[in-house]
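Have a look at the structure below, then the notes.
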Amino acid sequence: MNSETAITNYLSEIATFLRGADSERKRILEEVETHIRDAVAGYETQGVDAANAATRAIADFGPAATVAAGFITPDPPTPIIRGARRWLPIALPAAISILSAAVFILIWANRSSRYGLTVGERLTLILYGRHLLIALALTAVGYAAIIRADRDRQWRRAAWGCSIVALLVLVIR
Amino acid sequence: MLLLGVLASGPAHGYALASELHRLSNGLLVVVEGSLYPALHRLEASGLVSSSWDNETGRRRRLYALTAKGKKALKEETQAWVEFRDCVDEVLGGLA
């Protein structure tokens, strides 16, 4: 393998392990390439042939996976949201769902009274109940997502997502 | 601290930094070259060094330089190291 191929392969291998923004990855690869080429030139001035110089320069730099791992900054620990703010994503759909459920139960309980519901009103109420169940289920999923968000911040986004869909379901009914 | 120390004599690119560390330590300090750049990137993220592309030699190189914050940090680190070394010397001197 000639020196150019060895350098290209090494850089490609590092690139597969690198994470982050394209500009940052490009910068890292450019810096590594410059360093390797400087090191190759250094070995060549000592009388080492080009292919061996590249092999030595790459060996000095270290395994591609180890090099790339050095550039990965560990994520900061997830801050745990406490108090009322923690439940903010599901607060509104939960409140509306509970209120709607109370209204539903009240109307449903009086369906057979003297001023009972017409068939059309009953059907509307059943549809309303179905939407309410979907919203309650989504709120419950949002609740579970908030609990999981203590370990992984991404779950908080899921909780907000559930909340928005639950609100849409309640509004669209 | 050693990287900051080498940069105190003037801006340098990564390969020159590694070579200079090796030379100044009479070959005792062998920098694992692959770990040099992550260290420089962390120092830059901390504001202790700054970097810019340099094209003077015909090849594009990232040139690292000590910042004012880096100079201050180097001074403090050096002071702490001298105190630590003196402390160890005192203990070992007492044993002799």
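Computed from the coordinates by the stated procedures, all read-outs in this text should not be read as laboratory data. Being a predicted model, the structure only gives us computed values, none of them experimental. Here the Cβ is made from the backbone with ideal geometry for all residues, glycine too, and neighbour counts use every protein chain on show.
Taking Cα atoms, how many degrees apart are the long axis of helix B:68-95 and the longest axis of chain B, rounded to 10 and kept between 0 and 90?
In chain B, helix B:68-95 runs at an angle near 30 degrees to the longest axis.
Given a Förster radius of 30 Å and the C-beta distance between B:R23 and B:K69 as r, what FRET efficiency does 1/(1 + (r/R0)^6) yield to the nearest 0.05?
My answer for the efficiency is 0.65.
Could you tell me which of rounded, prolate or oblate describes the stretch A:1-122, using a ≥ b ≥ c as the square roots of the eigenvalues of the alpha-carbon gyration tensor, with rounded for a/c under 1.5 and, failing that, prolate when a/b is larger than b/c and oblate otherwise?
prolate
Under 8 Å for C-alpha pairs, at least 6 residues apart: give me the relative contact order for chain A, rounded to a whole percent.
In percent, rounded to a whole number, it is 21.
Mind checking which helices in chain A clear 24 Å along their axis (Cα) and have mean Kyte-Doolittle hydropathy of 1.0 or more, DSSP H runs only?
A:88-109, A:119-148, A:154-172
Name the most mobile residue of B:A73, B:A12, B:A65, meaning the one with the largest mean-square fluctuation, in a Gaussian network model of chain B with Cα contacts below 10 Å.
The residue that fluctuates most here is B:A73.
Distances longer than 18 Å among the Cα atoms of the stretch A:121-173: what percent of all pairs is that?
For the stretch A:121-173, the fraction of Cα-Cα distances above 18 Å is 38 percent.
What is the fewest-to-most order of B:S46, A:S23, A:S97 by other Cβ atoms lying within 10 Å of their Cβ?
A:S23, B:S46, A:S97
I'd like to know how the protein assembly as shown sits against the 2.2 N^0.38 Å rule of thumb: what's its Cα Rg over that expected value?
Normalised by 2.2 N^0.38 Å, the Cα Rg of the protein assembly as shown equals 1.74.
Looking at A:T124, A:V67, A:G47, which one has the Cα that reaches farthest to the positive end of the dipole of the stretch A:21-126 (charges on Cβ: Lys, Arg +1; Asp, Glu -1)?
Ranked along the dipole, the leading option is A:T124.
As a check on your grasp of the helix formula, calculate [θ] at 222 nm for the protein assembly as shown: sum -39500 (n - 2.57) over DSSP H runs of n ≥ 4, divide by the residue count, round to the nearest 500.
-23500 deg cm²/dmol
Could you work out how far the C-alpha centroid of the stretch B:1-41 sits from that of the stretch B:65-96, in angstrom?
Their Cα centres are 19 Å away from one another.
In the stretch A:83-157, which chymotrypsin sites (Phe, Trp or Tyr not before Pro) fall in coil by DSSP and have 10 or fewer other Cβ atoms within 10 Å?
Answer in residue order: A:Y115.
Tell me, what is the FRET efficiency for A:A84 and A:I164 to the nearest 0.05, using R0 = 25 angstrom and their Cβ-Cβ distance as r?
Once the sixth-power term is evaluated, E becomes 0.80.
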